[in-house]
Structures are given as structure tokens and as C-alpha cells.
1. Read phi for every residue in segment 33-45 and hand back ³J(HN,Hα) as whole Hz from Karplus 6.51 cos²θ - 1.76 cosθ + 1.60, θ = phi - 60°, with x for Gly and Pro.
2. Any idea which of H151, V15, A42 is furthest toward the positive side of the dipole for segment 2-181, if Lys and Arg beta-carbons carry +1 and Asp and Glu beta-carbons -1?
3. Once the piece of chain linking E69 and I146 is laid out straight, how much longer is it, given 0.36 nm per residue of separation minus the C-alpha distance between them?
4. For the chain, give the magnitude of the charge dipole about the Cα centre (Cβ charges: +1 Lys/Arg, -1 Asp/Glu; no others), in debye to the nearest 20.
5. Once you have the Cα-Cα distance between Q55 and I30, take 0.36 nm times their residue separation minus that, and quote the gain in nm to one decimal.
6. Using helices alone, what [θ] at 222 nm do you get for the chain, with -39,500 (n - 2.57) per DSSP H run of 4 or more residues, divided over all residues and rounded to the nearest 500?
7. Whose amide H sits under 5 Å from the amide H of G76, counting only residues 5 or more places off or on another chain, with H placed in the peptide plane?
8. Figure the gain on full extension for A46 and A161 (residue separation times 0.36 nm, minus the Cα-Cα span) and round it to one decimal in nm.
Amino acid sequence: MLLAVSALVLAGQAVDFDAGMRPRFTPEQIRRSSEATRDGLAKWAATEFGRRIIQSLDRGEYRIDVEEEEIDDGIGRAPQPGIATLAAAGNHAKQKRYLMILNPNFFTKMPAGMEPLRDQPASPADVMALAWAGEMLHVWFYARGISLPHHQRLDFQDDWARIASELGMPAVQHDDDAPRRVRTYFSWR
């Protein structure tokens with residue numbers, strides 16, 4: 001049973017979620033997106049905060065186009081929309097569009113002889129869950145009319161700490177010292 005068609009658009013098609021907030025991908029979405037991106041979305045959407053954001057942006061009022069792209073300096077980004085989109089935050093009759101770019105190739109496998117430290121991402125799906133969480137957090141701020149910069153805001157850092165904990169990776173930071181990067185720490189086995 002489907003709960004809703006979300007505001008998330010992956011491979012040109014809306015992502016459907018079932019009643020348990022599990023994404024249901026179309027054959028086209030499976031063909032045109034990476035497994036890590038899809039698994040990351042499923043991990044993030046399974047968290048309380050992920051569900052909250054998805055449901056708050058699921059009113060036909062928003063469209064979030066999700067693209068995959070190599071990004072030299074990180075796992076994702078959500079460019080700030082134009083001033084007209086930010087100013088329309090209170091106008092629920094106007095559709096607002098956002099772009100989110102994810103880099104599923106940033107972390108493809110654990111280096112040989114290495115293992116993640118506790119509370120850090122251990123797989124491409126973990127990294128993409130963090131990317132979904134971080135970039136959707138930015139979109140959620142934009143949707144409320146809050147422009148950049150966000151990182152130094154107490155509410156942003158509180159929200160990030162909560163979602164990183166819900167994902168089981170509370171040591172991962174999202175701040176100005178590491179914009180759009182996951183600080184991944186490894187140790188030798």
C-alpha cells in the first residue's frame with residue numbers, strides 16, 4: 001500500500017513511499033540511479049527525522065529534483081534557490097523547486113586493511129544516507145525561507161546531531177569546517 005508520492009524526483013520520476021516509509025523505486029529509477037543512492041534514501045527515510053522532513057515536504061507544494069554527479073569535494077550539495085523561491089516560503093499555493101546533487105561515487109568501498117571507527121559510515125549506503133540527510137536538511141531550511149549560511153545556526157546543528165544519531169553515526173559532523181563532506185575516519189585492522 002502506498003502512503004504518498006513524495007516531492008522527491010529521482011531519474012525524472014517521483015519517489016513513492018509505502019505506509020512504512022520505504023521507498024518504492026520504478027524500473028527507470030533503478031536503471032538510472034546507483035544502488036548506494038537508493039539504499040541511502042531508504043536508510044534516511046526510515047529515521048524519525050527523515051520521515052518528518054519527507055512528510056512536511058509532501059504537499060504538492062514542493063519538488064526536489066535529485067541528480068547524481070561527481071563532486072570533487074564531497075558527497076552532495078543542495079544549491080540555494082533564488083530569492084523568489086525563498087520569499088515564496090509562506091505561499092502554499094505556489095510550487096517551490098529545489099535541486100539536490102548526490103555523489104554516490106565519493107565512497108565506493110572500504111580501503112583494504114581498513115575499518116571504520118565507531119559511529120562512522122562503513123558503506124556507500126551509509127555515506128549516501130548522510131548525504132540525503134544533510135542535503136535534505138538544507139532543503140528543509142530553504143522551504144521555510146531560511147537562506148544560507150545554515151551551518152552555524154544552533155537549530156541546524158541540533159537537527160543535524162539528531163539525524164546523525166538516528167542514522168547511528170553521531171560522530172559525523174556537518175559544519176563550515178567540512179562543508180558537504182563527511183569526515184570519515186578509518187583505522188587499520
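Every number in this text was worked out from the coordinates using simple rules, so none of it is lab data. Keep in mind that what you see is a predicted model, and the values were worked out from it rather than measured. With ideal geometry, Cβ positions are generated from the backbone for all residues, glycine too; neighbour counts draw on all protein chains shown.
1. Running phi through 6.51 cos²θ - 1.76 cosθ + 1.60 with θ = phi - 60° gives 9, 7, 4, 4, 4, 5, 5, x, 4, 4, 5, 5, 5 Hz.
2. Most positive-ward Cα: V15.
3. Value of the extension gain: 25.2 nm.
4. Approximately 360 debye in magnitude.
5. Additional length available on full extension: 6.7 nm.
6. -10000 deg cm²/dmol
7. When sequence neighbours closer than 5 places are left aside, the close amide H contacts are N103.
8. Going from the current span to full extension adds 39.8 nm.
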